[in-house]
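Q: Below is the structure I would like to discuss, written out as structure tokens.
The values are calculated or read from the model by the stated rules, or taken from the named source; none is laboratory data. Keep in mind it's a predicted model, so treat the numbers as computed, not measured. Glycine also receives a Cβ, built like all others from the backbone with ideal geometry; neighbour counts cover every protein chain displayed.
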């Protein structure tokens, strides 16, 4: 049916059971523990772990050029289960360079926390579980931690002119960290 | 866990098996056959059918005010199976008032066609099935038809300052229609 009557296939597919993307033009970025120096508070615990351990991977589809006004991107992120000391495996996190740009997350599988931080440093978290949909307003830094025993997978949509500011998270950091306290995740 | 350690729940949830949204602030719009005069080509077939028949329903979450720059909305649409004459049940379709604004669709269940039309009237369709992800560029009218026997459900994300131009579809129409020909859907 694909070339019949001007009917085409979409180039991109999401597996709703895993969240993984397949198709043309899917880009992928894998982050291993060894690349994440300074992200976790317990540096000696970080040094004692295998630097080849995968912490998270991001797949994304950019149907238009980065920076295009009015366009949208689609992505899927998997955060592996694990901790560095008492701190849960998490993504690096970012603000958007175009500061008012928002982002949407929807959780496919696993159990996690979305950490959010205003420009003034106010920090809170939202629980992520299969089906939870999250709105990340503009001017709000965001990172995701896996607090469960399974991979955490979520899909995301963001404006193609949002851009990513990773430096700001590296230099000023999130003022609160998500750690295991008495068997439960806690922002401290 | 919801009020422990600054941890909150997301207000919105999507059931990945059905695509339906639940939670605070979900809006819903139901379109019945009787409200869709002029949408289908075969007017006498349309008049012979029960005007209370549901053709589609849209659920949406607007976490920010309509018109907000940089924000995003999330929605879920169900198109019921059926035909008016030989033309498949479909959504009204629209352009965006802010013309360069794009939209993303991802199919949860069912079998459908995404009809796309440029401002010059060039028209084509993309097949929708569970997992297909579709990019609708700016300046491109879009409507969805259910070509299967089950409900067609997809989730969508679009900029909160996109706006909807329904008039343009009503007045000039899509130059091609999706009909049943020799047992298969065809753009004619």
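Q: Could you grab me the full set of residues in segment A:1-25 that are surrounded by fewer than 16 Cβ atoms within 10 Å (Cβ to Cβ) and either more than 8 Å from chain B (Cβ to nearest Cβ) or modelled with pLDDT of 90 or more (or both)?
A: Answer for segment A:1-25, where residues must be surrounded by fewer than 16 Cβ atoms within 10 Å (Cβ to Cβ) and either more than 8 Å from chain B (Cβ to nearest Cβ) or modelled with pLDDT of 90 or more (or both): A:3, A:15, A:17, A:18, A:22, A:23, A:24, A:25.
Q: Residue B:30 - would you say it is touching a helix residue (DSSP H, G or I) at 6+ places or on another chain (Cβ under 7 Å), closer than 21 Å to residue B:154 by Cβ and touching a residue at least 12 places away in the same chain (Cβ under 8 Å)? Talk me through it step by step, then tell me what you get.
A: Values: touching a helix residue (DSSP H, G or I) at 6+ places or on another chain (Cβ under 7 Å): no; closer than 21 Å to residue B:154 by Cβ: yes; touching a residue at least 12 places away in the same chain (Cβ under 8 Å): yes.
Spelling it out, it is not the case that residue B:30 is touching a helix residue (DSSP H, G or I) at 6+ places or on another chain (Cβ under 7 Å), closer than 21 Å to residue B:154 by Cβ and touching a residue at least 12 places away in the same chain (Cβ under 8 Å).
Q: Name the residues in segment B:33-52 that are surrounded by 15 or more Cβ atoms within 10 Å (Cβ to Cβ) and either free of Cβ contacts under 8 Å to residues at least 40 places away in the same chain or more than 21 Å from residue B:168 (Cα to Cα) (or both), would you?
A: B:46, B:49
Q: Only one of (1) modelled with pLDDT of 95 or more; (2) more than 9 Å from every other protein chain (Cβ to nearest Cβ); (3) out of contact with any helix residue (DSSP H, G or I) (no Cβ under 9 Å at 6 or more places or on another chain); (4) buried (at least 17 other Cβ atoms within 10 Å of the Cβ) fails for residue A:89. Which number is that?
A: (3)
Q: Something else: Can you find a residue that is in contact with a strand residue (DSSP E or B) (Cβ under 8 Å, 6 or more places away or on another chain), in a loop (DSSP other than H, G, I, E, B), surrounded by fewer than 24 Cβ atoms within 10 Å (Cβ to Cβ) and modelled with pLDDT of 95 or more anywhere in segment A:165-182?
A: Taking every residue of segment A:165-182 in turn, none turns out to be in contact with a strand residue (DSSP E or B) (Cβ under 8 Å, 6 or more places away or on another chain), in a loop (DSSP other than H, G, I, E, B), surrounded by fewer than 24 Cβ atoms within 10 Å (Cβ to Cβ) and modelled with pLDDT of 95 or more.
Q: Okay, next question. Residues that are facing chain A (nearest Cβ under 7 Å) and more than 18 Å from residue A:16 (Cα to Cα), at least 2 per element: which strands (runs of 3 or more DSSP E) completely within segment B:123-164 meet that?
A: Working: elements: B:123-128, B:132-136, B:140-146, B:152-159.
So the answer is B:123-128.
Q: Residue B:113 passes all but one of (1) surrounded by 22 or more Cβ atoms within 10 Å (Cβ to Cβ); (2) more than 8 Å from chain A (Cβ to nearest Cβ); which number fails?
A: (2)
Q: Then there's this: (1) in contact (Cβ under 8 Å) with a residue 40 or more places away in the chain; (2) touching a strand residue (DSSP E or B) at 6+ places or on another chain (Cβ under 6 Å): which one isn't true of residue A:136, the others all being true?
A: (1)
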